[in-house]
């Protein structure tokens, strides 16, 4: 029996119980992940996890990532840093940041072949930490962001709105600054380091069609994958140089200089509305259905179609469980065919485990959690890992094994602290998951 076919019998019996709007654990990764000693897998696992990438498709993805921006704006000129790159931190850096940055720089050197090293004082790239409130005044919708041609938040304030900080005006990268909230979870800090340092060094675009990349606004991946390292290695290929046109880069790589193939703006807006924090639940559900209708109308069978189904499943889980289950199954069928799609399947298993727990199927919840946990460990997502462990603990309580449940909660603690942050947030998450099981949180 395949992994996909196993899901339906595990969950279908819970549908009647779920029809009365039982609460669900809406816990998708926002940008998060690992405390010292929690035992995540080594970075070398990523190479084994990624599926084969043909030269032509990698070149197409590289061109689409490099010559476009998240806003949909096209870039005419290739830019990168020429020469060694140094990275320094300033501001109130959280305790885990230095270790996470050092690990990331090590991976960029060994896996992407970039001449990059840590520094103190002035550096090519500055990582500055400030409060979330300070950063939201400058970028209200961003968890963290990167700006060219500045070395501090104060300098960015002075230059904000000028061509100097417009990525489209950059033909050769000289300096950049990454701004990350200091008052957030260690996992979000690490995720920001991965995503923003990758964009400071390389592509500025995100593509929803990429299944195994942080260059994707679906936020499934929280650390750089082997695909991302391949893209960054291409960015710093000796065959390329800052100032080249799209046509020149394509000729050097043996690919096409065709226009960037992005997403229809109405689909992107619908997805952002569906999974955003603004708007009523009914409006968000309608937006998810609209995104799915666009995907189906376009005949997509890639990550965009799967993510559309996933969005519908998340929003329907509490009120229309049969619809949610169907959407999750369809999303899983697509992700199972995509290279690097195992992490997305683990996210779906978490949602299904929450549904099973809420619907009175603790055995199914345990099986789903057990299947997802090894995958999530390999991908270093502490928040998702802690969530799965806490769901399993609730299920073990339901199965009459409170000792095993208590031990699992204890084991989940370091992951929860890294993934969620302060104890108050950890306890709130525990209460949410306990509510899914229909009882008060333990401890």
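Largest mean-square fluctuation among 137, 233, 417, in a Gaussian network model of the chain whose springs join Cα atoms under 10 Å apart, belongs to 137. Computed over every Cα-Cα pair of segment 313-443 and binned at 10 Å starting from 0, the pair-distance distribution P(r) comes out as 14, 44, 34, 8, 0 percent. Taking other Cβ atoms within 10 Å as a rough exposure proxy, 180, 334 sort from fewest to most as 334, 180.
Legend: calculated FRET efficiency, residue 413 to residue 247, from the Cβ-Cβ distance at R0 = 56 Å, rounded to 0.05, equals 0.55.
Here the peptides 356-368, 70-82 are ranked by packing, the mean other Cβ count within 10 Å, and the order with the highest first is 356-368, 70-82. Normalised by 2.2 N^0.38 Å, where N counts its residues, the alpha-carbon radius of gyration of segment 305-384 equals 1.04. Comparing 185, 242, 226 in a Gaussian network model of the chain, where Cα atoms under 10 Å apart are tied by springs, the biggest mean-square fluctuation is seen for 242. The tail of the calculated P(r) for segment 51-253, taken as Cα-Cα distances beyond 23 Å, holds 41 percent of the pairs. Exposure proxy shown here: for 308, 412, the number of other Cβ atoms within 10 Å sets the order, fewest to most, as 412, 308. Helix 342-358 axis versus longest C-alpha principal axis of the chain: approximately 30°, rounded to the nearest ten.
For segment 136-185, a/c is not less than 1.5, where a ≥ b ≥ c are the root eigenvalues of the C-alpha gyration tensor, and a/b tops b/c. That puts it in the prolate class.
Shape summary: the chain maps onto an equivalent ellipsoid whose semi-axes, from the alpha-carbon gyration tensor, are 37, 25, 20 Å in decreasing order.
Share of antiparallel DSSP beta bridges in the chain, in percent to the nearest 5? About 30 percent, rounded to the nearest 5. Highest GNM mean-square fluctuation among 141, 184, 235, for the chain modelled with Cα contacts below 10 Å: 141. For 206, 423, 302, 228, the sequence from fewest to most other C-beta atoms within 10 Å is 423, 302, 206, 228.
Every number in this text was worked out from the coordinates using simple rules, so none of it is lab data. Since the structure is predicted, the reported quantities are computational estimates derived from the model, not experimental observations. For neighbour counting, all protein chains shown are included, and Cβ atoms are generated from backbone atoms with ideal geometry for every residue, glycine included.
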